[in-house]
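These notes concern the structure reproduced below.
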Amino acid sequence: MELDLSADGHVHTYLCGHATGTMEDYVIAAIDKGLQRITFLEHLEAGIDYAPRTWLCDDDFDFYFSEGDRLRSRYGDRLQIGLGVEVGYNPECPEVIIERLASRSWDRIGLSYHFHRLPDTRRHLNLLSRKRDNLEIMERYGCEELLSHYFDALIEAVATIPADVLCHLDAGLRHLPGRRFSGAHRQQIEVLLAAVRRSGMALEVNTSGFDLQGTPFPPTDILKRANELGIALIPGSDAHQPSDVGRYFDRLPELLSATRQPLPPSEKQH
């Protein structure tokens, strides 16, 4: 299964509130790096109580599409520009999410899960955050329980939300020191991959993971299993600054070659 390394399928901008650089800055960076296509995958959330906001509102998306059309007119002869969305799942309001997705024409819908509502409170915890206050809450509730919830939510999301690609499958609690996946988590990942296959979604090879764990999200063993299941793979940098566009794509051919090798019997999941 081949990766299209001429296309970066996951790019953010200043519009999400936690990235830098304009849409045009990312387009220019992609052209300078010799890419043929980028797909902006800006954040959409619904029903989340978290501050500061790290996703786009409707007015932001109005500008996003307007600016995207302008950039296509100016740079379309040098770069294909996709206007997509990274939608965060919220098990409390899937109907709202589906309605909002249906209200616009997206080039790609990426699916993820960032926010977990804490027990006995209205507030949500950002499971992918590096902020100290979020990490302290993660430590208080425990890695095992939060990761179990994270994977359960993704399994439900894949079965519920019409999407094209599952983003950064194993990135939950990615900044928590000592994060480990238990045998139960591995079983959840197997169920999740089976759900991805049934849905017809692709799986993202998110190269932001190289900076955090020396491998993409997800790592080679999970990509091997995805390859066995016939799941398509899409590379994405998850760029949050223009220099991130296409980052570590040069490492992916060797990694993809490793995913084609059969899993040893001890590593196969049943």
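Given the residues Arg70, Arg100, Arg108, which is the only one that is basic (Lys, Arg) and surrounded by fewer than 17 Cβ atoms within 10 Å (Cβ to Cβ)? Talk me through it step by step, then tell me what you get.
Working: Arg100 fails: surrounded by fewer than 17 Cβ atoms within 10 Å (Cβ to Cβ); Arg108 fails: surrounded by fewer than 17 Cβ atoms within 10 Å (Cβ to Cβ).
After applying the criteria, what remains is Arg70.
Listed here are the residues, each with its yes/no results for (1) in a loop (DSSP other than H, G, I, E, B); (2) out of contact with any helix residue (DSSP H, G or I) (no Cβ under 6 Å at 6 or more places or on another chain).
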| position | (1), (2) |
| --- | --- |
| Ile48 | yes, yes |
| Asp60 | no, no |
| Phe65 | no, yes |
| Gly68 | no, yes |
| Arg74 | no, yes |
| Asp77 | yes, yes |
| Glu86 | no, yes |
| Glu99 | no, yes |
Only unsatisfied item for Phe181, checking (1) closer than 21 Å to Leu255 by Cβ; (2) more than 13 Å from the chain's Cα centre (by Cα); (3) at pLDDT 95 or above, is (3)
Filter region 1-31 down to the residues that are charged (D, E, K, R) and closer than 14 Å to Phe249 by Cβ, then identify the one that is surrounded by the fewest Cβ atoms within 10 Å (Cβ to Cβ). Glu2
The number of residues in region 228-259 that are surrounded by fewer than 20 Cβ atoms within 10 Å (Cβ to Cβ) and either touching a His at 6+ places or on another chain (Cβ under 6 Å) or over 26 Å from Ala30 (Cα atoms) (or both) is 5
Exception for Cys57 within (1) within 19 Å of Val11 (Cα to Cα); (2) surrounded by 18 or more Cβ atoms within 10 Å (Cβ to Cβ); (3) of a type in the set (A, V, I, L, M, F, W, C) falls at (2)
What pairs come up if the first residue lies in region 88-108 and is more than 20 Å from Cys16 (Cβ to Cβ), the second is among the β-branched types (Val, Ile, Thr), and their beta carbons are under 6 Å apart, counting only those six or more places apart or on different chains? Pro94/Thr160
In region 157-183, which residues are in contact with an Asp or Glu (Cβ under 8 Å, 6 or more places away or on another chain) and of a type in the set (Gly, Ala, Ser)? Ser182
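The values are calculated or read from the model by the stated rules, or taken from the named source; none is laboratory data. The shown structure was predicted, so the numbers you read here are calculated from the model rather than taken from an experiment. Virtual Cβ from ideal backbone geometry, glycine too; neighbours counted across all protein chains shown.
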